[in-house]
Amino acid sequence: MPNFKNISLTVKEILDLSAKSAILADPKSKAFCQLYLNQPTQDRTEFIKSLCKDHGLKNERIFQSLTSLASSNKTLDEFNKNFRQINYDKLNATLRPEYNNLFQNLARVKDGVSTLVKLRADLLEVLEQKRKNEINFELEEDLKIMNSVLKNMLILWFSTGLLNIQRIDWKSPATLVEKVAHYESVHQIRTLTDLKNRLSSSRRCFIYTHSTMPYEPLVILHVALTDSVSSNISNLIKRYKSSSDQPETEFDPTKCTNAIFYSINSCQKGLQQVDLGNALIKSAVRLLLEELPNLKNFHTLSPIPKFKDWLDLKIAHKIENKLDIFNLEKCFTKNELYYLHNHFGTCSFSDLIIKVKETLNSIQFKKAVEDFDTSICEFKNKDADDFRLHEILSNFLTRSCAFYLYYEKKNGYAFNSVTNFHIKNGAQIYRVNFGGDQSENGWKSSYSLMVNYGYNLQDLDFNCVNYLTTKSIKISPLFEKNLIHFQQAKI
């Protein structure tokens, strides 16, 4: 008998016992958690499919209930009078899958909630198999219903009022400190010295945990305390070979006026679409103000994933003379175009953009970006023949990125997932930073650009509601300067 069949038998026992009393089912629920977590991935996958098929919605029963209700020949007044007494419980039971009772019973026992978080992570993996045509349409629909049921349960169980916010420092439990390093996906923590730097006196690290998962971070937020709005990530995550390489300077947090959120990580795939990051940022702001009332400004320093891929595609469209909403010529001033045509010896914009593409992907330009001084926003080698060229290309990338963040949409909302997350939280787009991430990953992702999102505490709720209802993105005057070349009426 396959191993997942043993779990299926346990499920049946849980459902049978819980029909008499939930307490009777607790021992079997505890056994289920151990059984499930100890199964190999393939067996867990087969179990989820089996659970969907054997204990999901029964279409025949739903059809019969709805047909019976529709043919009852009751008037609306009679229906309103008797509905709750006669039909509600019956209809509700018909529309509630059997595995709903399983999930509720599991949540009663130790490790039950964490097992359900893992089960949903596995469920999402199964749904992703659709791309490989490994599940049929009917099964996919059933799996989506199960995902919706479980997601809605987790949203209730992980509401922010039930979460604990903790500051993590070097004195925190070793298990939590290790997991802070393990779950960092934005800016990898490579060494113990890196980790100590992230938890130093000039940094703050906050996590959310749940009472049922006290040593398992749900989401992690890294904050830097600074005296200005940071424009370069390497200044915040300076990497030292050893602790002895770190400068021995005393840090006075009371002199800091800015808090920079430079990394936020969701740690549990099973809590996907359970919005915790937004709440953690707001809770962290509250704690920071209690500790440091001198803080005035709250900003992020955020990556711009897939911007390079987007811009490369737009350039390819222009070269191939394909129509596109993005007008590349608007990314240059007349003086810049005049200089570029003279520099490259081109007459048409199509020929010019080919040369621009070649230069953008040249080793020489990449090296110039790596040496760009973000503190004064200038290329270091001012004597280079290509200094003016590199300056124009940096302007081109910055304006293109501003268009991407502000105008590129998906269903009316910001196309970029990071932008959509922060704007939905009530933030504004504050500033695009050329050379913000001069690492190899930064170059491959966004031609080294990063962006600041500003969190003005008085405006968060208004901005959030305005974005969700009118799809309007709040921007700063500083950011707006990059958009003056684009005529909104033609976008």
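Each value in this text was obtained by applying a stated rule to the coordinates, not by laboratory testing. Predicted model only: the values in this text are computed from it and were never measured. Glycine also receives a Cβ, built like all others from the backbone with ideal geometry; neighbour counts cover every protein chain displayed.
Projecting the Cα atoms of ILE473, SER445, ILE189 onto the charge dipole of the chain, computed from C-beta unit charges around the Cα centre, puts ILE473 farthest toward the positive end. Computed on the stretch 93-248, with alpha-carbon pairs under 8 angstrom and 6+ residues apart, the relative contact order is 19 percent.
For the stretch 161-298, the square roots a ≥ b ≥ c of the C-alpha gyration tensor eigenvalues yield an a/c of 1.5 or more together with a/b not exceeding b/c, which makes the shape oblate. In the stretch 270-411, the inverse of the mean reciprocal separation of distinct Cα atoms equals 18.3 Å; this is its Kirkwood hydrodynamic radius.
Annotation: the residues PHE479, PHE344, sorted from fewest to most other C-beta atoms within 10 Å of their own C-beta, follow the order PHE344, PHE479. When only alpha carbons are used to place a centre, the stretch 310-356 and the stretch 24-66 end up 57 Å from one another.
Ordering PHE396, PHE349 by the number of other Cβ atoms within 10 Å of each residue's own Cβ, fewest first, gives PHE349, PHE396.
Over 24 Å between Cα atoms: which of LYS296/LYS474; LYS20/LYS151; LYS196/LYS367; LYS49/LYS269; LYS238/LYS382; LYS12/LYS58 fall into that group? Kindly include the intermediate steps, with their values, before the conclusion.
Working: LYS296/LYS474 19 Å; LYS20/LYS151 27 Å; LYS196/LYS367 30 Å; LYS49/LYS269 19 Å; LYS238/LYS382 26 Å; LYS12/LYS58 17 Å.
Where the Cα-Cα span goes over 24 Å, the pairs concerned are LYS20/LYS151; LYS196/LYS367; LYS238/LYS382.
Rounded to the nearest 20, the size of the Cβ-charge dipole of the stretch 161-298 about its Cα centre is 180 debye, with Lys and Arg at +1 and Asp and Glu at -1. Across the options ALA284, ASN265, LEU295, the greatest Cα extent toward the positive end of the charge dipole of the stretch 161-298 (unit charges at beta carbon of Lys, Arg, Asp, Glu) belongs to ASN265. Exposure proxy shown here: for ARG388, ARG120, the number of other Cβ atoms within 10 Å sets the order, fewest to most, as ARG388, ARG120. Dipole of the chain (Lys/Arg Cβ +1, Asp/Glu Cβ -1, origin at the Cα centre): which of ILE353, ALA19, SER71 lies farthest to the positive side? The one lying farthest along the dipole's positive direction is SER71. Assuming charge only on the beta carbon of Lys and Arg (+1) and of Asp and Glu (-1), the dipole of the stretch 307-490 about its Cα centre is about 580 debye to the nearest 20.
Only DSSP H runs of four or more residues enter the estimate; each adds -39500 (n - 2.57), and after division by the residues of the chain the mean residue ellipticity at 222 nm equals -15500 deg cm²/dmol.
Could you give the dipole magnitude of the chain about its Cα centre, charging the beta-carbon of Lys and Arg +1 and that of Asp and Glu -1, in debye to the nearest 20?
Numbers: 64 positive and 55 negative charges, 171 e Å.
Magnitude of the dipole: close to 820 debye.
Counting 0.36 nm for each residue step from GLN104 to PHE251 and taking away their Cα separation leaves a gain of 48.0 nm.
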